[in-house]
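The values are calculated or read from the model by the stated rules, or taken from the named source; none is laboratory data. It should be emphasised that the depicted structure is a prediction, and the values quoted were computed from it without experimental measurement. These accessible areas exclude ligands, DNA and RNA; they are computed on the full protein's heavy atoms, side chains included. Shrake-Rupley method; radii C 1.70, N 1.55, O 1.52, S 1.80 Å.
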Amino acid sequence: MLDLQPTQTVRVALVIQYLGTHFHGWQRQPQQRTVQEEIENALSQVLGHHVTLHGAGRTDSGVHAAAQVAHFEATSMIPAHKWATILNKYLPKDILIRASARVSNNWHARFSAVYRRYRYTLYTEEQPNLFVKPFSWHYYYTPLDETLIQSALKPLIGQHHLAAFHRSNSGREHSWVDVQAAECDRTGPFIHIEIQANGFLYGMVRLIVGMLVQVGSGQLSVSNFTDIWTRQRRQFVKHSAPAHGLCLLRVGYPDFPIPKEVWYDTQPKFFVNK
């Protein structure tokens, strides 16, 4: 613990990366390893008392983050921009604080955010690859047509009631989501699906991707996919894509003091040189 004399209370924002493989999600849970708990424990080691960390969103067990955002309040002499370096000394190797900065007292990591963006990565080559495995769904059973997936994504843009992609054990009261962007592209054997929205339902992206592979493989038509979610036919949404292919790519704010290059697009895309 650092020997520091307290001064004024400041609110500090963090940009956080983590490999979700060995975490039971973001949110602190009894007897489970979580990202929030690890960072709060590091803060406690520095300050000598418990500090609550507020995240921009909750990622599920096994899901990664390239630029999760969180904030905490502390009364200490530590300058806000120094917190990233200090905390990284106390954190495990599967968590990294990219940057830290002071924010106003009415700024909130969750409530000030205007969007969250997720990327899902599929690897379609038949031969497995150990260096790709932790970050992608190895889907090689049938060919996938990325143009069909893109066609299925287009109607999702806008404000919709997405109860079909809302897992039953979620505590959220409604299923309205404002989808701001939905895109699919291919680089060799890698297919990347990105969805941006004001907020996400519990398990939403993985349920969508689980159905999109059916569209891309020709098992489900684009019109049937659209019909299922527009008519809220949850009983037809049966498959959830594996967690390890999903990454919280970034969180957007109207006024964010941390430079864009730190948080905007920091999950490298896979590609194969032929």
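A few remarks follow.
- For segment 154-168 versus segment 229-264, the gap between their alpha-carbon centres in whole angstrom: 13 Å
- Whole-number D in µm²/s for the chain (Stokes-Einstein; Kirkwood sum over Cα pairs; 4 °C, 1.567 mPa s): 66 µm²/s
- Derived scalar couplings ³J(HN,Hα) [segment 97-111; Karplus, 6.51 cos²θ - 1.76 cosθ + 1.60; whole Hz; x for Gly, Pro]: 8, 6, 6, 9, 7, 6, 10, 5, 5, 9, 7, 9, 4, 8, 7
- With the convex hull drawn over the C-alpha atoms of segment 71-146, the volume per residue is 138 Å³.
- Taking the 1.4 Å solvent-accessible surface of the chain as the whole, the part contributed by carbon and sulfur is 50%.
- Listed values for segment 26-31 are Karplus-derived 3J(HN,Hα) couplings in whole Hz (6.51 cos²θ - 1.76 cosθ + 1.60, θ = phi - 60°), namely 6, 6, 4, 9, x, 6, and x replaces Gly and Pro.
- Taking a ≥ b ≥ c as the square roots of the eigenvalues of the Cα gyration tensor, segment 21-143 is prolate, since a/c reaches 1.5 or more and a/b is larger than b/c.
- Ranked from largest, the principal axis spans of the Cα set of segment 67-197 equal 58, 39, 27 Å.
- The chain: most fluctuating residue of LEU47, LEU246, LEU122 per GNM, C-alpha cutoff 10 Å: LEU47
- Accessible-area value, ASP145, 1.4 Å probe, nucleic acids and ligands omitted, Å²: 60 Å²
- Highest mobility in the GNM of the chain, judged by mean-square fluctuation with C-alpha springs under 10 Å and restricted to PRO254, PRO155, PRO242, is found for PRO254.
- Solvent-accessible area per residue for segment 119-272 (1.4 angstrom probe, square angstrom): 48 Å²
- Overall form of segment 41-99: prolate. Here a/c, set by the Cα gyration tensor axes a ≥ b ≥ c, is 1.5 or more, and a/b is the larger of a/b and b/c.
- Centroid-to-centroid, using Cα positions, segment 123-142 and segment 56-85 are 31 Å apart.
- Of every Cα-Cα pair in segment 132-274, the percent that sits beyond 26 Å: 26 percent
- For segment 1-122, the relative contact order comes to 37 percent (Cα pairs under 8 Å, sequence separation of at least 6).
- Computed over the chain: relative contact order in percent, which uses C-alpha pairs under 8 Å that are six or more apart: 23 percent
- Here is how the number arises for the chain: DSSP H runs of 4 or more residues each give -39500 (n - 2.57), the sum is divided by the residue count, and the result at 222 nm is -5500 deg cm²/dmol.
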